[in-house]
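One structure below.
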Amino acid sequence: MEFEDKVVVVTGGAQGIGKCCVECFRREGAVVHVIDIQQGPWFVGDLADKTVLERFAAEVVAKSGQVDVLVNNAKPLFKGIDECTYEEFAYAQSVGVVAPFYLAKLFQDRFANGASIINISSSRDRMSQPQSESYTAAKGGIAALTHALAASLAGRVRVNSISPGWIDTSGRKYEGPDAVQHFAGRVGTPMDIANMVLYLASNRAGFITGENIYIDGGMTRQMIYHNDFGWRLENCEPFKVTEPLP
């Protein structure tokens, strides 16, 4: 019961990694406040709405008085440059970057001594697939926001982020290439992330702040070349310069 009577706030706590974190903190005795856009027995609201954030923060303070742990987990919209509108891109940043910043600001004077903020970024903060701009930009933004907040809240609140890789939330068992391509030999689970969230929130991580930790089974360390170990890049047109370079 390491977190007995501690006050924990989790955004996007209705499913996946967020839900797993909520369950783990509650098993450890914490009082957990959840906000999610999905309907359920938690505070229901859109994190992109400033007034929703203010009402949620006011409710947390009214019920609990302080905050020991803030987990910014809510998932931004995933769309690429071909289909993503201006409004959708801005919405993704509001959920993925603005909301974590504003919640930290709203709780700034309510964080308990030794409090911790854990931001959930993504391995996409430094690697990409095509048509992923809205999500990738938001995850890169929250990774940078992490060390900025760590500097501003130094001595009061530790701020760290986690960059998950492929985390399956369905319980499916992966075999073959999907598993083997990871150095760890498997796809990740929400518990892989929740374990680190609880560690970073604990006193055992008291000397860790401003850090981003990759939990991806080694995928971002996997160097890939065409024809190396059976990897092949198909249907690839060579780069063509249409105009003379300056």
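The numbers here are math on the coordinates, done by the rules we state, and not lab data. None of these values were measured; they are calculated from a predicted model. Note that each Cβ is placed from the backbone with ideal geometry, even for glycine, and that neighbours are counted across all protein chains shown.
Observations on the model:
- For the chain, a crude dipole built from +1 on the beta carbon of Lys and Arg and -1 on the beta carbon of Asp and Glu, taken about the Cα centre, is about 560 debye to the nearest 20.
- Dividing the mean sequence gap of close Cα pairs (under 8 Å, 6+ apart) by how many residues the chain holds gives a relative contact order of 17 percent.
- Measuring against 20 Å, Cα to Cα, the residue pairs Lys50/Lys105; Lys79/Lys105; Lys50/Lys79 contain Lys79/Lys105; Lys50/Lys79 as the ones spanning a longer distance.
- Between Asn113, Gln15, Ala201, the Cα set farthest toward the positive side of the dipole of the chain (charges on each charged residue's Cβ, about the Cα centre) is that of Asn113.
- Structure-derived semi-axes √(5λ) of the Cα gyration tensor in Å - corresponding label in [x] 34, 22, 17; [y] 31, 21, 16; [z] 40, 24, 13: [x]
- Neighbour-limited loop hits for GluC sites (Glu not before Pro), segment 64-124 (at most 12 other Cβ within 10 Å; DSSP other than H, G, I, E, B): Glu83
- Between Glu234 and Lys50, the C-beta separation translates, for a Förster distance of 41 Å, into a calculated FRET efficiency of about 0.35.
- Sites Met1 and Ser128 - FRET efficiency at Förster radius 41 Å, r taken between beta-carbons, to 0.05: 0.50
- Measuring gaps between exposed loop sites in the chain (trypsin sites (Lys or Arg not before Pro); DSSP loop; at most 14 other Cβ atoms within 10 Å), the longest gap, sites not included, is 1-155.
- Residues whose placed amide H lies under 5 Å from that of His33, excluding near-sequence neighbours: Val8, Val9, Val10
- Separation of alpha-carbon centers, segment 131-201 and segment 96-128, rounded to whole Å: 13 Å
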